[in-house]
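Just below is one structure, and these are the notes that go with it.
Values quoted throughout were computed directly from the atomic coordinates according to the rules given, and no laboratory measurement underlies them. Treat the numbers as computed from the prediction; the structure is a model and nothing was measured. Don't worry about glycine lacking a Cβ; one is built from the backbone with ideal geometry, like all the others, and counts go over all protein chains shown.
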């Protein structure tokens with residue numbers, strides 16, 4: 001495999017080039033601008049056969065993606081923050097129409113106040129729109145996740161759109177070494193796109209996006225529910241196959257030195273990398289600490305998380321966004337619900353951190369682990385690092 005120096009944005013764009021989708025419709029927004037900007041250069045240089053549609057807004061971008069997917073095209077796009085919210089009217093339409101669109105999402109805080117740096121509020125705001133959501137820890141995973149999402153979303157058991165996320169600037173603009181597939185191997189891996197149906201096929205006429213009132217709306221939502229259930233097994237299957245082929249296996253979650261851990265951190269995205277470094281240092285001092293990385297947020301791996309945390313005394317659930325419900329962040333709320341029926345479960349503390357790009361340091365993670373040893377009851381919410 002070629003070893004390349006790439007930022008997270010470049011890694012995503014490289015995966016898009018190798019996928020060579022039929023249509024990409026996009027509108028630029030920081031810090032995701034580079035993904036589609038770099039890809040547009042590939043189009044201009046004739047390196048891909050993609051029809052690139054430069055639209056006037058993210059709402060139009062997703063609308064064009066749905067239209068292109070509806071005629072049987074393989075479709076991709078990219079966005080971030082307010083752009084994802086402007087798409088939000090169309091996102092549930094894409095999932096309702098069972099269109100396997102792949103979105104490169106760069107996590108960025110939502111306005112207001114205006115902020116261009118990382119937190120997860122944008123992705124979490126659309127978590128219940130029927131899209132598969134995979135969080136990347138680094139540029140390598142961003143590249144790998146985009147390739148896998150093509151296989152996952154186009155699987156006949158799934159046929160749902162999906163987004164792979166990176167953390168804005170932390171991953172999107174930082175250079176790392178990645179192992180990329182050869183172009184021919186990438187093409188072989190993702191396989192030929194097979195359209196299930198097309199609104200342009202006059203021999204098999206279909207209707208998409210019709211009015212659907214009380215009589216059938218409920219029934220037409222159930223296939224999305226069932227597809228999300230099926231998606232869990234497909235994601236695991238695709239991740240194991242990727243590992244057999246290329247040596248990097250992926251699942252719904254990842255446990256790091258968690259087997260005998262008394263105290264754990266549960267996190268998404270780039271914070272997992274910071275946590276690993278701290279855990280290695282504390283382990284060298286004899287402390288039993290570990291990490292539970294949640295790679296897939298939708299569909300939510302409730303059973304897998306409950307099992308992984310069953311032997312831990314206390315766990316710090318790290319949320320880089322808040323729900324403003326006084327009950328904690330989205331990751332914490334989902335995990336607490338997942339553990340409700342468990343006979344063995346740790347004491348949970350929710351750390352809401354890093355909003356608007358505020359850094360989380362090695363010392364911060366050390367402090368959080370130290371605080372876990374003093375936890376006496378479950379459910380405390382800590383706004384970590386905010387100045388009083």
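Values for this structure:
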quantity	calculated
Two-site FRET efficiency, residue 259 against residue 55, from Cβ-Cβ distance with R₀ of 51 Å, rounded to 0.05	0.55
0 to 90° range, to nearest 10: angle between helix 33-44 axis and the chain longest Cα axis	30 degrees
Simple label model, 7 Å out from Cα along Cβ direction - residue 157 to residue 344, nm	2.8 nm
Extension reserve of the residue 212-residue 184 stretch, reckoned as 0.36 nm per residue once the Cα distance is removed	5.7 nm
Cα long-axis angle, helix 271-284 against the chain (0 to 90 degrees, to the nearest 10)	30 degrees
Pairwise FRET efficiency - residue 128 versus residue 307, Cβ, R0 = 22 Å, nearest 0.05	0.35
Mean shadow area of the range 253-383 over all directions, Cα convex hull, nm²	7.4 nm²
289, 43 arranged by Cβ crowding within 10 Å, fewest neighbours leading	43, 289
Residue order, fewest to most beta carbons within 10 Å, for 351, 27, 256	256, 27, 351
Cα Rg, Dmax, the range 92-145, angstrom units	12.7, 35
Where labels lie 7 Å past Cα in the beta-carbon direction, separation of residue 245 and residue 226 in nm	2.8 nm
Ratio Rg/Rh [Cα only; Rh per Kirkwood] for the range 1-135	0.95
Shape metrics for the chain, restricted to C-alpha atoms - Rg then Dmax, Å	20.7, 69
Rounded to 10°, Cα long-axis angle of helix 362-372 versus longest principal axis of the chain	60 degrees
Sorted by Cβ density within 10 Å, fewest first, the residues 189, 216, 353, 250	216, 189, 250, 353
